[in-house]
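Below is one structure, written out as structure tokens, with a few remarks after it.
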Amino acid sequence: MNLIKRAKAPVPKFFRVLRTIGLALAAVGGTLLAAPVALPLAITTTAGYLAVAGGVISAVSQLTTESPVTQISEGGTELDSEEGQKNIRDGD
């Protein structure tokens, strides 16, 4: 699965919530960094970390997709579902 397909694929609910939290952190960090008044160094440094952490959380959450269902056989080996096997063969 290439990057474009991965970004457009459905995202699990947990990662949608996490993406929203990341966007909020990035927005708060960006707002504090762009404040028109001089803020203490600790607040400015923390704002920079918030902006970076929020951006990373949002990006990783957006690129997370649901994987094909795998079944465990009695012998303890994983057997991919037919869809998963098709994706592996096709290189997606």
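Could you list all residues from segment 1-13 that are within 19 Å of residue 55 (Cβ to Cβ), open to solvent by 60 Å² or more (accessible area, probe 1.4 Å) and not basic (Lys, Arg)? It would help to see each step written out before you state the result.
Of the residues in segment 1-13, the ones within 19 Å of residue 55 (Cβ to Cβ) are 3, 6-7, 11.
Next cut, open to solvent by 60 Å² or more (accessible area, probe 1.4 Å) only: 3, 6.
Of everything in segment 1-13, just one residue is within 19 Å of residue 55 (Cβ to Cβ), open to solvent by 60 Å² or more (accessible area, probe 1.4 Å) and not basic (Lys, Arg), namely 3.
Need the failing condition index for residue 73 against (1) loosely packed, with under 12 Cβ neighbours inside 10 Å; (2) touching a Leu at 6+ places or on another chain (Cβ under 7 Å); (3) modelled with pLDDT of 90 or more, just the number. Status for residue 73: all satisfied but (3).
If the condition is being part of a helix (DSSP H, G or I), among the aliphatic types (A, V, I, L, M) and closer than 24 Å to residue 62 by Cβ, then segment 10-46 contributes 17, 18, 21, 23, 24, 25, 26, 27, 28, 32, 33.
The values are calculated or read from the model by the stated rules, or taken from the named source; none is laboratory data. In this text, all values refer to a predicted model and were calculated from it rather than measured experimentally. Neighbour counts are summed over all protein chains in view; Cβ atoms, including those assigned to glycine, are modelled from backbone coordinates with ideal geometry. Surface areas here come from the heavy atoms of the whole protein model, side chains and all, with no ligands, DNA or RNA. Shrake-Rupley method; radii C 1.70, N 1.55, O 1.52, S 1.80 Å.
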